[in-house]
1. List, in order, the whole-Hz ³J(HN,Hα) value for each residue of the stretch 212-222 obtained from phi through the Karplus relation with A = 6.51, B = -1.76, C = 1.60 and θ = phi - 60°; use x for Gly and Pro.
2. What are the ³J(HN,Hα) values, in whole Hz, obtained from phi via the Karplus relation 6.51 cos²θ - 1.76 cosθ + 1.60 with θ = phi - 60°, for each residue of the stretch 72-79 in sequence order, with x given for Gly and Pro?
3. Please list, in chain and number order, the residues 5+ apart from Asn107 or on another chain whose amide H is under 5 Å from its amide H, with Hs placed from the backbone.
4. Which cross-chain or sequence-distant (5 or more) residues have an amide H under 5 Å from the amide H of Ile230, H modelled 1.01 Å from N in plane?
5. Heavy-atom accessible area of Met110 with all protein chains present, probe 1.4 Å, nearest 10 Å²?
6. Below 15 angstrom from the Cβ of Pro182, what's the summed charge of the other residues (Lys, Arg +1; Asp, Glu -1)?
7. Rounded, prolate or oblate: which fits the stretch 52-132 when a ≥ b ≥ c are the square roots of the eigenvalues of the alpha-carbon gyration tensor, with rounded for a/c under 1.5 and prolate only if a/b beats b/c?
8. Determine the order of Val210, Val228 by accessible area, beginning with the largest, at a probe radius of 1.4 Å.
Amino acid sequence: MKKGLLYLTGAVVVLFVLLTGCDKEEAEKPSDVFQAYLTDWQQQNFAGMYTKLTPAAKTAITETDFAERYSKIYEGISASQLTVTGAVPPEEDKPGEEVTEISYTYNVKMETAAGPVTFSHAAKLLKSVIDKETKWLIAWEPSLIFPQMEEGDKVRVLTSEGQRGEIYDRSENGLAVNAELPQIGIVPGKLGDNPEGAKASLAEKLDITVDDINKKLSAAWVKDNLFVPIAVVPQESLQPYLDIPGVDYQKKTVRAYPYGAAAAHLTGYIAEISAEQLEQNKDQGYKTG
């Protein structure tokens, strides 16, 4: 009885050792490290992500800088609803002993201030020996944040104003269109020997005062070699302005109404509105602008 019991106990011990060995082997699979890294990423557990990096990656960036880089980028683009997923093909789930490097594809989705962002990229894992223990670790680089990123790059959101829609009648005649017209201005350093005379000539042609021009020229950003916009003029009347010393022009897209007041009932109010008219429109429930 005792021998049988001892034999049975020994068998249990051997079986336990074998099972423990299998569990350890399973825990070192690169796919497990990869999936754990993606889980940490989706939870924005940057400290957890950092523990899974190769020694070379940790040498290139500290844990603090690593966490700050992700958090500042995500804050800067107002990232939300972050989803990070990746599927490992069965044939790649158990690489052979001779394999020391493997790559898995992951997918990222998030909402940002610039709209939804989605991309796919590959993460490279390297078999590393740390304190005599073999591990699979992430060979991290900036392109893992966004595929186009390189060392030193920064991420930000730029917004631009959309172009206004154009209005045409059924015969394709433009009623309210976006036209490119010359915007004349002054380069202060080129006003010549008689700058006041040049400004007076320009003011007369534009039917404005010299004070109006001087106010624009006195802006803090103005320098002698910079173009200071003054007014938009018709293309056909451009040349007389250019004959004045210091006057130049640039192209500017503006709202144009080819039919003027004749099509006001279709395009909206196209003239200046008085304060009295504005209070009356509000009382009647109209919208202006």
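1. 4, 5, 4, 4, 5, 6, 8, 4, 4, 7, 5
2. Per residue, the Karplus-derived 3J(HN,Hα) values read 5, 5, 5, 5, x, 9, 6, 6 Hz.
3. Thr85, Gly86
4. Under 5 Å from the amide H of Ile230: Ile184, Gly185, Ile186.
5. Met110 has an accessible surface of roughly 10 Å² with all protein chains in place.
6. Values: positive: Lys205, Lys251, Lys252; negative: Glu180, Glu236, Asp243, Asp248.
Net of charged neighbours comes to -1.
7. Values: a/c = 3.88, a/b = 1.44, b/c = 2.69.
Oblate shape, in that a/c is at least 1.5 and b/c is the bigger or equal ratio.
8. Numbers: Val210 40, Val228 0 Å².
Output order, biggest surface exposure first: Val210, Val228.
The values are calculated or read from the model by the stated rules, or taken from the named source; none is laboratory data. Since we're looking at a predicted model, the values are computed, not measured. Reconstructed Cβ throughout: ideal geometry from the backbone, glycine too, with neighbour counts over all protein chains shown. Heavy atoms of the whole protein, side chains included, go into the accessibility calculation; ligands, DNA and RNA do not. Shrake-Rupley method; radii C 1.70, N 1.55, O 1.52, S 1.80 Å.
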